[in-house]
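Below is one structure; the comments refer to it alone.
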Amino acid sequence: FVLGGRVNGGRVLGETPGLHATQLVDGDVRVTTDYRHVLGEVLTRAAGLSAEAVGRVFPRFSPQPLGIIR
């Protein structure tokens, strides 16, 4: 969950992976959104960190904007 005044709310991001036994991974729901995309956008757009700073937090990762923050 992401909360705050700058959040583009009112929607659910990601996809519903399903709950059938053949769709689970080790008995758990499959991950559909990498948390680094969410945190990367929050850190750059809301907290004002540079892309370089976020790159130091998450090395070898290329964030994709999700449109969470206005």
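All of the numbers you see were taken from the coordinates with simple rules; none came from a lab. Predicted model, so just to flag it, every value in this text is computed and none were measured. Here the Cβ positions follow ideal geometry from the backbone for every residue, glycine too, while neighbour counts run over all protein chains shown.
Hand me the GluC sites (Glu not before Pro) from the chain located in a DSSP loop with no more than 15 other Cβ atoms within 10 Å, in residue order please.
Here the GluC sites (Glu not before Pro) that fit, given the DSSP loop and packing criteria, are E15.
Between T33 and E52, what is 0.36 nm times their sequence separation minus the Cα-Cα distance? Round to one decimal in nm. If you can, show how the numbers build up before the last one.
Values: separation 19, 0.36 × 19 = 6.84 nm, distance 2.19 nm.
Contour length minus the Cα-Cα distance gives 4.7 nm.
The helix-only estimate of mean residue ellipticity at 222 nm for the chain, built from DSSP H runs of length n ≥ 4 each weighted as -39500 (n - 2.57), is -5000 deg cm²/dmol after division by the residue total.
Taking the Kirkwood radius as the inverse of the mean 1/r across Cα pairs, report the Rg/Rh of the chain. Walk me through the numbers before you get to the answer.
Numbers: Rg = 14.5 Å, Rh = 13.7 Å.
Rg divided by Rh gives 1.05.
With the contact rule set at Cα under 8 Å and sequence spacing of 6 or more, what percent relative contact order holds for the chain? Each step should come with its number before you reach the end.
Details: 53 pairs, mean separation 26.0, N = 70.
Reported as a whole number, the value is 37 percent.
Given the options G48, G27, G14, which has the most mean-square fluctuation in a GNM of the chain, springs set between C-alpha atoms less than 10 angstrom apart? Checking each option, the largest mean-square fluctuation is seen for G27.
Taking amide hydrogens as placed 1.01 Å from N in the peptide plane, the amide H of I69 sits under 5 Å from those of N8, each at least 5 positions away in sequence or on another chain. Only Lys, Arg, Asp and Glu carry charge here, each on its Cβ (+1 for the first two, -1 for the last two); on that basis the chain has a dipole of about 320 debye about its Cα centre.
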